[in-house]
Amino acid sequence: MWIVAKVKTNQVGIFKKNLKEKFQDTNFYEPKIQLKKLNHNKYIEYEKSVMENYIFCFNKKFSEEDILNSIMYIKGLKYFLNGCKSNQKEINEFIFNCKSNESESGYLKSSFFKSLISINTKGKFVSGPFTNMFFEVIKKKNNKLKVLVGNIVTTINDDSNYIYHTA
């Protein structure tokens, strides 16, 4: 069963290690994106978790209530989201969608985010020349988005590596 844990900032490694010590066959999934930042005329690549401090954890034993109660106080854990047991189908679909939109290096491709956008959606660029700028989708065609960024209308192709999320 999949559970969703909110982990303390900078303690993801500690949380994973402690949970693996209790249950060796635990798997984790944390969708990430790869970004580039301009720093002193050089691009620096770094990764960012799409879900901030949330991480998916899978173990067959997590379906047992007493097992979940025994791991409530693992170091690095803030809390587990309620309702994971009744939402397994949605969690599995989300993870499948993420994994099917991952690059060979394991990062989410921009196609993952494009599938979430519709007309009149507002969003924010995370990479590219419009980084940290907000936009509104004017038109959505097969492989293109027409967006309004401030007073500028521009088109984004599916082939572009611009990453954005809904605002």
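What distance in nm separates the simple spin-label points at HIS40 and GLU65, each placed 7 Å from Cα in the Cβ direction?
Inter-label distance under the simple model: 5.8 nm.
Go ahead and run the numbers for FRET between ILE119 and GLU90, Cβ-Cβ distance against an R0 of 25 Å, rounding to 0.05.
The calculated FRET efficiency here is 0.50.
Residues in the stretch 10-27 near a label at MET72, defined as backbone nitrogen under 18 Å from the 7 Å Cα→Cβ point?
Counting backbone N atoms under 18 Å from the label point, the list is 19.
Rounded, prolate or oblate: pick one for the stretch 97-147, where a ≥ b ≥ c are the square roots of the eigenvalues of its C-alpha gyration tensor, a/c under 1.5 means rounded, and failing that, prolate if a/b is larger than b/c, else oblate.
oblate
Please find the FRET efficiency linking LYS144 to LYS17, where r is the Cβ-Cβ separation and R0 is fixed at 41 Å, and quote it to the nearest 0.05.
0.40
Taking Cα extents along the principal axes in Å straight from the coordinates, which label in (1) 50, 40, 29; (2) 40, 39, 28; (3) 56, 39, 27 is the correct one?
Looking at Cα extents along the principal axes in Å for this model, the match is (3).
Report, to the nearest whole %, how much of the accessible area of the chain belongs to carbon and sulfur atoms, 1.4 Å probe, protein only.
That share works out to 49 percent.
Among ALA5, TYR107, THR155, whose Cα sits farthest toward the positive end of the charge dipole of the chain (+1 at Cβ of Lys/Arg, -1 at Cβ of Asp/Glu, about the Cα centre)?
Farthest towards the positive end: THR155.
Residue separation times 0.36 nm, minus the C-alpha to C-alpha distance between LYS32 and ASN132: what's the value? Mind dumping the intermediate values first?
Working: separation 100, 0.36 × 100 = 36.00 nm, distance 1.79 nm.
Working it through step by step, the gained length comes to 34.2 nm.
At 10 °C and a viscosity of 1.306 mPa s, what translational diffusion coefficient does Stokes-Einstein give for the stretch 125-167, taking Rh as the Kirkwood radius over Cα pairs? Give it in µm²/s as a whole number.
The Stokes-Einstein estimate is 151 µm²/s.
Please state the shape class of the stretch 1-78: rounded when a/c is under 1.5, otherwise prolate if a/b exceeds b/c and oblate if not, all from the C-alpha gyration tensor.
Working: a/c = 3.16, a/b = 2.59, b/c = 1.22.
Prolate shape, in that a/c is at least 1.5 and a/b is the bigger ratio.
For the chain, find the longest principal axis of its Cα atoms and tell me its angle to the long axis of helix 12-22, 0 to 90°, nearest 10.
It works out to around 30 degrees.
Give, rounded to the nearest 20 debye, the magnitude of the charge dipole that the chain has about its Cα centre when Lys and Arg contribute +1 at Cβ and Asp and Glu contribute -1 at Cβ.
It works out to roughly 400 debye.
How large is the helix-only mean residue ellipticity at 222 nm for the chain, computed as the sum of -39500 (n - 2.57) over DSSP H runs with n ≥ 4, divided by its residue count, in deg cm²/dmol to the nearest 500?
Details: 4 runs with 35 residues, N = 167.
About -6000 deg cm²/dmol.
Hey, what do the phi angles of the stretch 33-44 turn into as Karplus ³J(HN,Hα) couplings, whole Hz, using 6.51/-1.76/1.60 and θ = phi - 60°, x for Gly and Pro?
Rounded to whole hertz, the list is 10, 9, 10, 10, 10, 7, 9, 6, 6, 10, 8, 10.
The values are calculated or read from the model by the stated rules, or taken from the named source; none is laboratory data. As the structure is a prediction and not an experimental result, all values here were calculated from the model. Note: ideal-geometry Cβ built from the backbone for every residue, glycine included; neighbour counts use all protein chains shown. Note: accessible area is taken over every heavy atom of the protein model, side chains too, but ligands, DNA and RNA are not part of it. Shrake-Rupley method; radii C 1.70, N 1.55, O 1.52, S 1.80 Å.
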